[in-house]
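Report on the following structure.
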Amino acid sequence: MLDNLTQRLAGVMKTLRGEARLTESNISDALREVRLALLEADVALPVIKDFIAAVKEKALGEEVIGSLTPGQALIGVVHKEMTQLMGGANSALNLATQPPAVILMAGLQGAGKTTTVGKLAKLLKETQKKKVLVVSCDVYRPAAIEQLKTVAAQAGVDFFPSSTEEKPEAIALAAIDWARKHYHDVLLVDTAGRLAIDEAMMAEIKQLHAAIKPVETLFVVDAMLGQDAVNTARSFNEALPLTGVVLTKLDGDARGGAALSVRHVTGKPVKFVGVGEKLSGLEAFHPERMASRVLG
Ligand code: GDP
């Protein structure tokens, strides 16, 4: 198993005991270790470069106080910087609008959109006592609509049926109308995803977004994508005014580098993380905890 960053830094900075400040020369080996740790955590290369530059700027001249070693002082700077870059604190879902609060889910096929709709529906119902309706605008895959129906039943929320004959906007607008008439607080809109970024998919979801004007547009991305998460995030962020990100499959081996990369590329907060296939596997995102996970 790999040493964690603290141990590694202790190794390279051993000789520096007694130094009172972090300087260009005493942190260069250590920064190399930080870079390696970020690479192992699957943070994207351009993101690592910017991050290291930011850490260096913050660290230089920093006093090594009290009983800290220079290595510990640097870890403190790295941890703090990463936490801040990931948003500092948890960013909550915004439901402050005329009901129903419409939440649009976007992402590639297999990212975990439908599962996340079920998880979020359950969370909103159980923790905020919201009346939730869900709808699928995936008119290409009847199986996706069926999957959402199953998930809605498991979550104990209402399901608005869709037909593959209709256009996504027509389905979503009918669902909004239904939600309004039946006093739903929240409408979760699941969408079609492709295996790769595709112009037709982007045009469709842009049109859907313009028609339904959601209060939240969440980009769902698989943490296991690692480096590739960046390109996907960039494309979705360019096509849609995203309001947040859901990072899924963090119960697996992913070290979570995608959290930093996606935040860096989109500038949008990660709001939730998926931590399992079950509908209970959704948690609020906490930048500080994620920084500890990324740094190992
Ligand atoms: P969609 O195509 O984006 O709607 O993706 P799905 O919701 O169908 O999810 C694709 C696969 O990922 C399914 O097998 C899900 O059970 C799985 N999945 C989704 N979220 C998570 C998660 O947080 N952890 C794990 N381990 N699996 C997940």
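The values are calculated or read from the model by the stated rules, or taken from the named source; none is laboratory data. Keep in mind that what you see is a predicted model, and the values were worked out from it rather than measured. Using ideal geometry, Cβ is built from the backbone for each residue, glycine included, and neighbour counts are taken over all protein chains shown. With ligands, DNA and RNA removed, areas are computed over all heavy atoms of the protein, side chains included. Shrake-Rupley method; radii C 1.70, N 1.55, O 1.52, S 1.80 Å.
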Can you spot a residue in the stretch 53-73 that is touching a residue at least 24 places away in the same chain (Cβ under 8 Å) and within 16 Å of the ligand (Cβ to nearest atom)?
no
Checking A179 against (1) open to solvent by 10 Å² or more (accessible area, probe 1.4 Å); (2) more than 16 Å from the ligand (Cβ to nearest atom), only one condition comes out false. Which one?
(1)
Can you list residue pairs whose Cβ atoms sit under 6 Å apart, with the first residue in the stretch 260-286 being within 16 Å of the ligand (Cβ to nearest atom) and the second being open to solvent by 20 Å² or more (accessible area, probe 1.4 Å) and acidic (D, E)? Count only pairs 6 or more apart in sequence or on different chains.
V273/E283; V275/D251; V275/E283; G276/D251
As an exercise: evaluate A96 against (1) assigned to a loop (DSSP other than H, G, I, E, B); (2) in contact with a strand residue (DSSP E or B) (Cβ under 7 Å, 6 or more places away or on another chain) and give the number of the one condition it does not meet.
(2)
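Which ones in the stretch 226-243 are open to solvent by less than 60 Å² (accessible area, probe 1.4 Å) and within 16 Å of the ligand (Cβ to nearest atom)?
At the first step, the residues of the stretch 226-243 found to be open to solvent by less than 60 Å² (accessible area, probe 1.4 Å) are 226, 229-230, 232-233, 235-237, 239-240, 242-243.
Listed by number, the residues that qualify are G226, A229, T232, A233, S235, F236, L240, L242.
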Return a yes/no flag: does the stretch 75-90 have any residue that is farther than 30 Å from I48 by Cβ, modelled with pLDDT under 95 and either assigned to a loop (DSSP other than H, G, I, E, B) or under 22 Å from the mean Cα position of the chain (by Cα) (or both).
no
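Kindly establish whether D138 is surrounded by fewer than 21 Cβ atoms within 10 Å (Cβ to Cβ), more than 16 Å from the chain's Cα centre (by Cα) and within 30 Å of I197 (Cβ to Cβ).
Numbers: surrounded by fewer than 21 Cβ atoms within 10 Å (Cβ to Cβ): no; more than 16 Å from the chain's Cα centre (by Cα): yes; within 30 Å of I197 (Cβ to Cβ): yes.
So D138 does not fit the description; no.
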Please find, within the stretch 83-108, the residue that is nearest to the ligand (Cβ to nearest atom) out of those that are open to solvent by less than 20 Å² (accessible area, probe 1.4 Å) and over 20 Å from V275 (Cβ atoms).
A106
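Just for the stretch 266-285: of the residues that are open to solvent by 70 Å² or more (accessible area, probe 1.4 Å) and out of contact with any strand residue (DSSP E or B) (no Cβ under 7 Å at 6 or more places or on another chain), which one is nearest to L38 (Cα to Cα)?
Keep residues of the stretch 266-285 that are open to solvent by 70 Å² or more (accessible area, probe 1.4 Å), which gives 277-278, 280, 283.
Checking which are out of contact with any strand residue (DSSP E or B) (no Cβ under 7 Å at 6 or more places or on another chain) leaves us with 277-278, 280.
Details: E277: 27, K278: 29, S280: 29 Å.
Result: E277.
Out of L218, L250, L188, which single residue is within 16 Å of the ligand (Cβ to nearest atom), more than 18 Å from H286 (Cα to Cα) and either acidic (D, E) or touching a residue at least 12 places away in the same chain (Cβ under 8 Å) (or both)? Don't jump to the end; show me each part of the working.
Values: L218 fails: more than 18 Å from H286 (Cα to Cα); L250 fails: more than 18 Å from H286 (Cα to Cα).
Every option except L188 fails the conditions.
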For the condition near the ligand (Cβ under 10 Å from one of its atoms) and over 28 Å from S91 (Cα atoms), what is the one hit in A143, A111?
A143
